[in-house]
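Colleague: One structure coming up, written as structure tokens, with questions to follow.
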Amino acid sequence: MTNELWSDGRGWILVAVSVGHLLMLGVRLIFPALLPEIKAEFLLTNTTAGILLGALWISFATAQLPGGVLTDRIGERNTLVASAVMATIGIGVIVLSSGLVVFALGVLLFGFGSGLFGTPRLTVLSDIYPDRGATAIGINAAVGNFGNVILPVVATVVSGWFAWRIGIGVVLPGFVLLVGGFWLVIPVRTSSEMQDGGDGSRRRIVRRIIDVSTGRPIVVATAAMVLVGFVWQGYTSFLPTYLVEVKGLPQSTGAIALGAFFVTGGVVQPLVGNVADRYDERRILIAVTAIPAVAIAAFPFANSASVLIALSTVAGLQLAFWPIIFAYIPRVLPDDIQGSGFGLLRTVFLYVGATGPIVIGALADFDLFDESFILLAAITGIGTLLSAVLPRVAR
């Protein structure tokens, strides 16, 4: 399998896109890890903090469709380079910020830049690995989860030594190198170029996207993504704060628990991707949503740090959902609208998912932090039911 993934120069593409995913995703998870310090400096309530984190994800979601359209128009390499440049600028603005408005502007810039990365990341891997799409995306997701494990912990340690802005700024050199890596390694284009036949052609393309997106496979898959995405964003945004404010644990324990969630993802994602490429993907989707639902529901009833970290580790099985569903959807979309269609679907599920931090933050301010975890568990359970009825699609 390793030789197959590495052949014909594809291995370096997988490496570049995976390192990009590590940085893009890892930085987004730095914000929840440092949220107690950010809240203290800017005097934020949990609701306001949730809105700020929701804005990060909304800007990320807003970039999905433009990222898909740019991919169809100018190719994967140019879109990925533009993404890395904008994300780098956003981090720079955050590091240099002196007030909430400038900080929020940097967050939005980073969110949009990292959002441009999302669609071409997946179309590149689906295109260059037609028979190993779930495996490649699983490896890519696992590397991203390694960033989720390491970067929040590093940022927390550096923040303790210096300041939280420095904790975020340690990633800047990596992003500068990423820009050059994308330019050197990624092919100009891996998917078919969208043909521009004027307004009539564009209208036909829009109709095709709508027609495909209203079919049962896409509707069920997107609904499942919406629910699991809501849980993912709500859980990861407020887990450290929940452990600090409700369970009375130190901020470092919150970062470790968040990292444990992603350690599981890093281990299981490549494995389930390979299994899903060979066997029934629905059974795997059911397992990786049902088990985390039970773990999340147990949070309000646990108090020791070791038990809470263990529950977060089990909840991380949910991360195996993503490489499977992300490999499933491109098989349904026609090649020439793959970027735009996938970008539209990602926009839908990310917009709804971005309400997760807002809802959890508001519940926390109403002293319903424990109940918010029960809500997340119930929503994950509905995702399990949708996974069970996901239509089979030919590979």
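Colleague: Against the definition (among the β-branched types (Val, Ile, Thr) and within 16 Å of residue 144 (Cα to Cα)), how does residue 27 come out, yes or no?
Modeller: Values: among the β-branched types (Val, Ile, Thr): yes; within 16 Å of residue 144 (Cα to Cα): yes.
Yes; evaluated as a whole, the condition is true for this residue.
Colleague: Further, regarding this structure: Quick one: which residue in 276, 260, 305, 255 is within 20 Å of residue 35 (Cβ to Cβ) and at pLDDT below 85? Full working, then the answer.
Modeller: On the way: 276 fails: within 20 Å of residue 35 (Cβ to Cβ); 260 fails: at pLDDT below 85; 305 fails: at pLDDT below 85.
Matching residue, one of 276, 260, 305, 255: 255.
Colleague: Please give the helices (runs of 4 or more DSSP H) falling wholly within the stretch 43-162 in which 3 or more residues are at negative phi, under 16 Å from the mean Cα position of the chain (by Cα) and of a type in the set (Ser, Thr, Tyr). Spell out how you get there, then give the answer.
Modeller: Values: elements: 46-62, 64-74, 76-96, 100-128, 133-161.
Output list reads 100-128.
Colleague: A further question on this structure: Quickly run through the stretch 188-228 and pick out the residues that are at pLDDT 75 or above and over 22 Å from residue 70 (Cβ atoms). Give the derivation first.
Modeller: At the first step, the residues of the stretch 188-228 found to be at pLDDT 75 or above are 188, 216-228.
Result: 216, 217, 219, 220, 221, 223, 224, 226, 227, 228.
Colleague: Which is in a helix (DSSP H, G or I), at pLDDT below 75 and closer than 28 Å to residue 155 by Cβ, of 292, 270? Can you show your working first?
Modeller: Working: 292 fails: at pLDDT below 75.
Of 292, 270, the one residue that is in a helix (DSSP H, G or I), at pLDDT below 75 and closer than 28 Å to residue 155 by Cβ is 270.
Colleague: Does residue 43 satisfy being out of contact with any Gly (no Cβ under 8 Å at 6 or more places or on another chain) and either surrounded by fewer than 24 Cβ atoms within 10 Å (Cβ to Cβ) or modelled with pLDDT under 90 (or both)?
Modeller: Working: out of contact with any Gly (no Cβ under 8 Å at 6 or more places or on another chain): yes; either surrounded by fewer than 24 Cβ atoms within 10 Å (Cβ to Cβ) or modelled with pLDDT under 90 (or both): yes.
Against the criterion (out of contact with any Gly (no Cβ under 8 Å at 6 or more places or on another chain) and either surrounded by fewer than 24 Cβ atoms within 10 Å (Cβ to Cβ) or modelled with pLDDT under 90 (or both)), residue 43 qualifies.
Colleague: Additional query: May I ask you to list the residues in the stretch 295-337 that are in a loop (DSSP other than H, G, I, E, B) and not hydrophobic (A, V, I, L, M, F, W, C)? Walk me through how you get there before you give the answer.
Modeller: From the stretch 295-337, those in a loop (DSSP other than H, G, I, E, B) are 298, 302-304, 332-334; that's our starting set.
Passing the criteria: 303, 304, 334.
Colleague: Another question, if that's okay. For residues that are buried (at least 24 other Cβ atoms within 10 Å of the Cβ) and not in a helix (DSSP H, G or I), tally how many sit in the stretch 211-255.
Modeller: Number satisfying all stated conditions: 0.
Colleague: Pick from 347, 380, 384: which is surrounded by 20 or more Cβ atoms within 10 Å (Cβ to Cβ), under 18 Å from the mean Cα position of the chain (by Cα), at pLDDT 90 or above and under 30 Å from residue 47 (Cβ atoms)? I'd like the intermediate steps shown before the answer.
Modeller: Numbers: 347 fails: at pLDDT 90 or above; 384 fails: under 18 Å from the mean Cα position of the chain (by Cα).
The conditions single out 380.
Colleague: Oh, and also: Anything in the stretch 163-180 that is outside any loop (DSSP other than H, G, I, E, B), closer than 13 Å to residue 91 by Cβ and of a type in the set (A, V, I, L, M)? List them, or say none.
Modeller: Residues satisfying the conditions are 166, 168, 172, 176, 178, 179.
The values are calculated or read from the model by the stated rules, or taken from the named source; none is laboratory data. Everything quoted here is computed from the prediction, not taken from an experiment. Virtual Cβ from ideal backbone geometry, glycine too; neighbours counted across all protein chains shown.
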